[in-house]
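Single-structure report; data block below.
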């Protein structure tokens, strides 16, 4: 059975499934037969992969109760997201919009990039102890390069310069990533990041985890009344959740990349959990998505120490905390945006 209600999120991953509602319970039908019902009370959001249909009443009920519905295609790539009426303070959103072309926005983007680089460097240093002996020196060297870029990026005075430093660091980071994969052969190697479409199993796995992370970042932004479309590091584009993508940058390495490496190195995913297309694109197969969905939900429940709060909280709440901190900064309650730094 591919339908999983995991820690508040309902994943419907069987191709051709029909999602309906019966009173206050979601009903999943496969080939005309009711196979599972899930009480709406225990669901925070629904993620559906390539359904046959989602009933209008399901969409209405989820929207009425503030629960997002996210649609993915058969490859696990984001297609659409359905939410209810916009809530939150109009004054907060006005402050968010005013910051886009000001020093406030640049400051937010700079702190996001610096946190991303430091978190990426921390992952490399931590994982270098587990890397193959012949690759350990290369990983440590790249970590040193990222440290140097942190110093340069901290003085960037334009968004273009900041984005250039971020892109340079990302290329260096992923150039050493294959050293962190302990499995022999090239089946899970990654020498560079390729997204559209992902090529290689590790690229496919990372892309899927980033999709899940972005889904949660959108929800976190909307929860505090921010507009997930209007960010600072990512340029404004129609349909692009720029702010959510900004928020994701802080957690790519410590949450998504680290989980990807764990799933591969612990052999929880096999080569058969991926689909390799004739043109070279690679996607997670149904079996792979099931494994990743459960591992993601478990990871979200694990505790992490938040440096600013000085207390532990589940990984799944970090984005919500960061969204609230960003809102406080935009309101003028905090002098700067305190981006999330993962503990060493």
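Estimated from helices alone, the mean residue ellipticity of the chain at 222 nm is -14500 deg cm²/dmol (sum of -39500 (n - 2.57) over DSSP H runs with n ≥ 4, per residue).
In the elastic network of the chain, a GNM with C-alpha springs shorter than 10 Å, the most mobile of 144, 242, 316 is 144.
Available extension along the chain between residue 223 and residue 237 is 2.9 nm, counting 0.36 nm per residue and deducting the alpha carbon span. Here the residues 116, 36, ranked from fewest to most Cβ neighbours within 10 Å of their Cβ, fall in the order 36, 116.
Give me the mean projected area, in nm² to one decimal, of the convex hull enclosing the Cα positions of the stretch 90-330. Working shown, then result.
Values: hull surface 53.3 nm².
That works out to 13.3 nm², a quarter of the Cα hull's surface.
Once you have a ≥ b ≥ c as the square roots of the Cα gyration tensor eigenvalues for the stretch 132-252, tell me rounded if a/c is under 1.5, and otherwise prolate or oblate according to whether a/b is larger than b/c. Before the final figure, lay out the partial values.
Details: a/c = 2.44, a/b = 1.39, b/c = 1.75.
Oblate.
As a rough footprinting exposure proxy, the listed residues 23, 179, 91, 320 were ranked by other beta carbons within 10 Å of their own, and the order from fewest upward is 23, 91, 320, 179.
Suppose a student asked you for the relative contact order of the chain, using Cα pairs under 8 Å spaced at least 6 residues apart; what percent would you report? Before the final figure, lay out each step's value.
Values: 587 pairs, mean separation 53.9, N = 344.
16 percent.
Each principal axis of the Cα cloud of the stretch 55-200 was evaluated for its coordinate range; sorted largest first, these ranges are 57, 41, 24 Å. Once the Cα-Cα distance is subtracted from the 0.36 nm per residue extended length, the residue 24 to residue 136 segment shows a gain of 34.9 nm. Where both bridge residues fall in the chain, DSSP classifies roughly 70% of the beta bridges as antiparallel. Averaging the sequence gap over all C-alpha pairs within less than 8 Å and six or more residues apart, then dividing by the number of residues, gives the stretch 256-344 a relative contact order of 19 percent.
What is the order of 173, 232, 18, fewest Cβ neighbours within 10 Å to most?
18, 173, 232
How would you classify the stretch 4-82 from its alpha-carbon gyration tensor, with a ≥ b ≥ c the square roots of the eigenvalues: rounded for a/c under 1.5, else prolate if a/b is greater than b/c, otherwise oblate? The shape class here is rounded.
Across the stretch 4-82, Cα pairs under 8 Å and at least six residues apart give a relative contact order of 29 percent.
Rounded to the nearest 5, what % of DSSP beta bridges with both residues in the stretch 4-82 are antiparallel? Working shown, then result.
Values: 18 of 28 bridges.
Roughly 65 percent of the DSSP beta bridges within the stretch 4-82 come out antiparallel.
On the basis of the beta-carbon distance and an R0 of 25 Å, residue 265 and residue 171 show a calculated FRET efficiency of 0.60. Highest GNM mean-square fluctuation among 186, 240, 201, for the chain modelled with Cα contacts below 10 Å: 186.
Any read-out appearing in this document is the output of simple, stated calculations on the displayed coordinates, not a laboratory observation. If you're wondering where the values come from, they're calculated on a predicted model, not measured in any experiment. All Cβ positions, even for glycine, are placed from backbone atoms using ideal geometry, and neighbour counts span all protein chains on display.
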